[in-house]
1. Apply the Karplus curve 6.51 cos²θ - 1.76 cosθ + 1.60, θ = phi - 60°, to the phi angles in segment 7-16 and return the couplings in whole Hz, x for Gly and Pro.
2. Report ³J(HN,Hα) in whole Hz for each residue of segment 27-35, in order, from the Karplus equation J = 6.51 cos²θ - 1.76 cosθ + 1.60 where θ = phi - 60°; Gly and Pro get x.
3. Between Val40 and Asn8, what is 0.36 nm times their sequence separation minus the Cα-Cα distance? Round to one decimal in nm.
4. Taking amide H positions as placed in the peptide plane 1.01 Å from N, state which residues far from Tyr30 in sequence (5 or more) or on other chains have amide H under 5 Å from it.
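What follows is calculated from the coordinates using simple rules that are stated; it is not laboratory data. Please read these numbers as outputs of a predicted model, since none were measured by experiment.
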Amino acid sequence: MLLEPGRNVAILVVAPVGRLEKVDDAVQPYRVIDPAGRNVEAVSDFFQAPPSP
């Protein structure tokens with residue numbers, strides 16, 4: 001994912017809902033769960049482990 005040049009993501013405001021869970025999966029060690037208990041795939045995919053060289 002590329003960020004816009006000059007965009008300051010440090011000031012980005014994100015609602016504090018849901019949670020980040022550590023799971024026993026080598027490919028996707030973390031997942032984001034919404035307030036209803038469902039996996040938020042687009043965000044969970046961001047937390048995937050990088051591919052091995």
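1. In residue order, the calculated couplings are 7, 8, 6, 5, 9, 5, 9, 10, 4, x Hz.
2. Couplings: 7, 10, x, 9, 9, 9, 10, 7, x Hz.
3. Stretched fully, the Val40-Asn8 segment lengthens by 9.1 nm.
4. Val23
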